[in-house]
Amino acid sequence: MAMALNLLQGQQSEWALLRRHHTETTFGVQICGAHVDVMTRCAQMLAENVDVDFVDINMGCPLDLVYQKGAGSGLIGRLNKLEEIVVGMSSVLDVPLTVKMRKGIHDNKNTAHSVINRIKQLGERVALITLHGRSREQRYTKLADWEYINYCAKEADPIPLFGNGDILSFEDANLHKQNTNICGIMIARYVNIKPWIFYCFDSSVLFFVRYVNIKLRIFTVLTLVFWFFVRYVNIKPWIFYCFDSSVLFFC
Ligand SMILES: Cc1cc2nc3c(=O)[nH]c(=O)nc-3n(C[C@H](O)[C@H](O)[C@H](O)COP(=O)(O)O)c2cc1C
C-alpha cells in the first residue's frame, strides 16, 4: 500500500514501493487516500508513469491514523465519497480498478454487502473486489468470517470477489474455493511463514511439498526421541535397564 498523497508529494520512500521486478508477471499498486482529487490525480500519475497491471483502492487499513482521516477502512462508512473516488479513478485509468475491503468497521455489524451493492450500481468501473473476512475492530483477532465472504460473493455477482483471511495451505484454499462462490483467494500473512505456498497450487509441487512435510515431521519426532535419550542417558545411565521389567521393578 502506498499513500496517495505521499506519492503526489514525491516522497522517495513511497515511490520505492512502486518498483516492479522483472520476474513479477502481474503487478498491481494499492493506494490509500480519503479525497477524490488526491486519489484521482494519483491514479492518473500511476497510469502515466508506472508499469502497472491494475490499481487497487485500500478500504481495509485499520490504523487509527488512516481511519480517522476517512481513508482505508474509514471509506467503508463514507459511501458517497467512495463512489466519487471510484468514478474519478476509473475515468483516468486504462488498467482495471479493484477494491480491497474489510467486512465492516464494527464487530457484529457487517456492512460490506451494502458497499458491494453501491459499487455494483456504478456498472463496470470496479473489476474485482477482495474481501477480508474481519472487521476493523477485530484487526487480526478471531477467525475470518468465510460464511459472510460467501454471502458477499453472491451479492457481488457479476463482479468477481476474492476471499481473504486465514488461508494457511493449499488445502484451505481449495476447501473455501469449493464451498463458496468466490472467484479466487488472496493469501497474505502465511506467505511469510511458508514462502513456497503459491507453488503448492501446481499439483506436482504439491506432491513434493506433502512428501517433504511428512519427512520433516518424522525427522522432528526422531530428533525429539534422540534428544530425550541423550539427555536422560547422561542423568540416569541405567535408564535402558529399566526396559527390562524385572529391573524396572527394582528401579
Ligand atoms: C503487517 C501487515 C500489513 C498489511 N498491509 C496491508 C496493505 O498494505 N494493504 C492491504 O490491503 N492489506 C494489508 N494487510 C492485510 C492483509 O492483506 C490481509 O487482508 C490480512 O492479513 C488477512 O489475510 P491473511 O489471514 O491471509 O493474512 C496487512 C496485514 C499485515 C499483517
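Worth pointing out:
- Residue in the range 193-207 that is surrounded by fewer than 19 Cβ atoms within 10 Å (Cβ to Cβ), at pLDDT 95 or above and not in a helix (DSSP H, G or I) present: no
- Within the range 80-137, being among the acidic types (D, E) and either in a loop (DSSP other than H, G, I, E, B) or within 15 Å of the ligand (Cβ to nearest atom) (or both) holds for D94, D107, E124, E137.
- Exclusive hit being within 14 Å of the ligand (Cβ to nearest atom) and on the phi > 0 side of the Ramachandran plot, set G72, G28, G10, G60: G72
- L131 aliphatic (A, V, I, L, M) and over 19 Å from S73 (Cα atoms): no
- Qualifying residue in the range 39-53 (condition: touching a residue at least 60 places away in the same chain (Cβ under 8 Å) and out of contact with any helix residue (DSSP H, G or I) (no Cβ under 7 Å at 6 or more places or on another chain)): no
The values are calculated or read from the model by the stated rules, or taken from the named source; none is laboratory data. All figures in this text were calculated on a predicted structure; none of them were measured in a lab. For neighbour counting, all protein chains shown are included, and Cβ atoms are generated from backbone atoms with ideal geometry for every residue, glycine included.
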